[in-house]
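Read through the structure below, which is laid out as structure tokens, and then see the notes.
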Amino acid sequence: MVKAGIGLAGLGFMARVHSRALNGIPEAKIVAAWSKFPEEHVKFDEFSKKLGFEIGTYYTNIEKMLEDPGVDAVICAIPSRFAEPIANEIIRAGKPALIECPPSDTPEGIDRMEKFAKERGVKLMPGHCYRFAPCFKKSKELVDKDEIGAPLFVHFREFVPAESLARQWAPGSWIWDKDKGGPIPTMTVFCMDMARWLLNSEPVSLYATVKWQELPQLGTLGYTVSNVIKFENDVTWVNEFSGNVAPSVGPSMKMEIFGENGNAVMVDGPERVILHTEKKGVKREWSFDITRPERWGHKPQDEHFIRSVVLGHEEPIVRLQDAKKALKMSLAILESSKTNRVIQFDQF
Ligand SMILES: NC(=O)c1ccc[n+]([C@@H]2O[C@H](COP(=O)([O-])OP(=O)(O)OC[C@H]3O[C@@H](n4cnc5c(N)ncnc54)[C@H](O)[C@@H]3O)[C@@H](O)[C@H]2O)c1
């Protein structure tokens, strides 16, 4: 079997998520890792050994890692506003890469990255994991099979306890910078991409409110986002995101898609999808017995990255332009809430 040698760029939260995923993919092997902070090498080494694998070589110099002949491809998990120079190094070295999302903090940054990659003939895939999560794939399959007729209305919510986010990102992390949008781009962009993909339609307009809460006991920031998106196919998609709920609130994610024939698809956490049909009391249900790296789509996403971008067996189903559109929608949340205006997506 052809094994793809993977180099990790960045050794934070998402590098761990990808490592758990890659650890279960026979075609992949993590052979090298880069972080400019040696203390992150030590922590990551402890983590990987607990998981039962060892990274070949740790680098503090990205160019050196990219010169490593064992590195066939890179997974880049660097905060969006610092990712472009790292992505440029990866492109210069001619290595295919999965770039975590958002790949840049501006749509223009994503265009520049795409242009440079095209000039150098390097394939990049953005990390939009929700497209690969079993619960969302099933929902799209049911919508595409016309089980609910034309979709009319979608309600999506993702509520995360503040303590979980504080464990993920310590006080002082890049993500708690409110002037740069705090966690909102990162915590909304995956749903935005999923909405376009699931509905097969582009957004027309978006209105949002955001409430912020300082959380001095944790040194982090709470957020509550409500937003309404109108799509070209006349679907209204309503989102609620919170980073400050009690852990007992229940499944962090729920989605309900209502169709014109009265049927509805309901996602009750990542493990369960229900199809409610018009006949009284009739419903069909799917339960997914999935491991942690499969739950939000990371493992199937990384498998797809290896098969498509690295080994060239198929075309990637998600591209940098999709990441740019999802970022525009997440940035529109921030703009709409600041200006109290509806944002029109004229040139999407
Ligand atoms: N797909 C998902 O489910 C998901 C979830 C969370 C975050 N993300 C995305 O993953 C990316 C990384 O997030 P994370 O949670 O791993 O962050 P993190 O803070 O946990 O780790 C970031 C890594 O980047 C390095 N880094 C930070 N600033 C740097 C700089 N200026 N130059 C070079 N290296 C730098 C850090 O040392 C660390 O190794 C972000 O784009 C984020 O939006 C994706």
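Count the DSSP beta bridges whose two residues both fall in the chain, then state the antiparallel fraction as a percent rounded to the nearest 5.
Expressed as a percentage, antiparallel bridges in the chain total about 60.
If you place +1 on the Cβ of every Lys and Arg, -1 on the Cβ of every Asp and Glu, and leave all else neutral, what size is the dipole of the chain about its Cα centre, to the nearest 20 Debye?
280
Rounded to the nearest 20 debye, what is the charge dipole size of region 1-135 about its Cα centre when +1 sits on each Lys and Arg Cβ and -1 on each Asp and Glu Cβ?
280
Which one of ALA195, MET329, VAL225 has its Cα pushed farthest toward the positive end of the charge dipole of the chain, where Lys and Arg give +1 and Asp and Glu give -1 at the Cβ?
Value computed over the given set: VAL225.
Given an 8 Å cut-off on Cα distances and at least 6 residues of separation, report the relative contact order of region 4-122 as a percent.
Rounded, it is 26 percent for region 4-122.
Per residue of region 11-24, what does 6.51 cos²θ - 1.76 cosθ + 1.60 with θ = phi - 60° give for ³J(HN,Hα)? Whole Hz please, x for Gly and Pro, Karplus curve as stated.
After applying 6.51 cos²θ - 1.76 cosθ + 1.60, I find 10, x, 4, 6, 4, 5, 4, 5, 5, 4, 5, 5, 4, x Hz.
Quick check on region 4-122: take the gyration tensor over C-alpha atoms, sort the square-rooted eigenvalues as a ≥ b ≥ c, and tell me if it's rounded (a/c under 1.5), prolate or oblate.
prolate
Taking the chain as a Gaussian network, Cα atoms linked when under 10 Å apart, which of GLN301, GLN217, GLN321 shows the biggest mean-square fluctuation?
Fluctuation is largest for GLN217.
With +1 on each Lys and Arg Cβ and -1 on each Asp and Glu Cβ, and nothing else charged, work out how big the dipole of region 50-115 is about its Cα centre, in Debye to the nearest 20.
For region 50-115, the charge dipole is close to 80 debye.
Taking a probe of 1.4 Å, how large is the accessible area per residue of region 1-103, in Å²?
43
When the accessible area of region 6-133 is split by element with a 1.4 Å probe, what percent falls to carbon and sulfur?
Answer for region 6-133 is 52 percent, counting heavy atoms of protein chains only.
Cut-off 10 angstrom, C-alpha nodes, Gaussian network model of the chain. Which of GLY243, GLY312, GLY94 fluctuates the most?
Checking each option, the largest mean-square fluctuation is seen for GLY312.
Students often forget the sequence filter, so: which aspartates and glutamates lie under 19 Å Cα-Cα from LYS145 once same-chain residues fewer than 8 apart are removed?
ASP234, GLU256, GLU260, GLU278, GLU285
Mind scanning LYS140/LYS325; LYS29/LYS140; LYS180/LYS324; LYS178/LYS299; LYS115/LYS138 and naming the pairs with a C-alpha gap bigger than 25 Å?
Where the Cα-Cα span goes over 25 Å, the pairs concerned are LYS29/LYS140; LYS178/LYS299; LYS115/LYS138.
Could you state the accessible area per residue of region 145-208 in Å², with a 1.4 Å probe and every protein chain left in place?
38
Could you tell me which of rounded, prolate or oblate describes the chain, using a ≥ b ≥ c as the square roots of the eigenvalues of the alpha-carbon gyration tensor, with rounded for a/c under 1.5 and, failing that, prolate when a/b is larger than b/c and oblate otherwise?
In terms of gyration-tensor shape, prolate.
The values are calculated or read from the model by the stated rules, or taken from the named source; none is laboratory data. For clarity, every value in this text was computed on a predicted model and none was experimentally measured. As a convention, Cβ positions derive from the backbone with ideal geometry for all residues, glycine included, and neighbour counts pool all protein chains shown. Areas reflect the complete protein model, heavy atoms only, side chains present, ligands, DNA and RNA absent. Shrake-Rupley method; radii C 1.70, N 1.55, O 1.52, S 1.80 Å.
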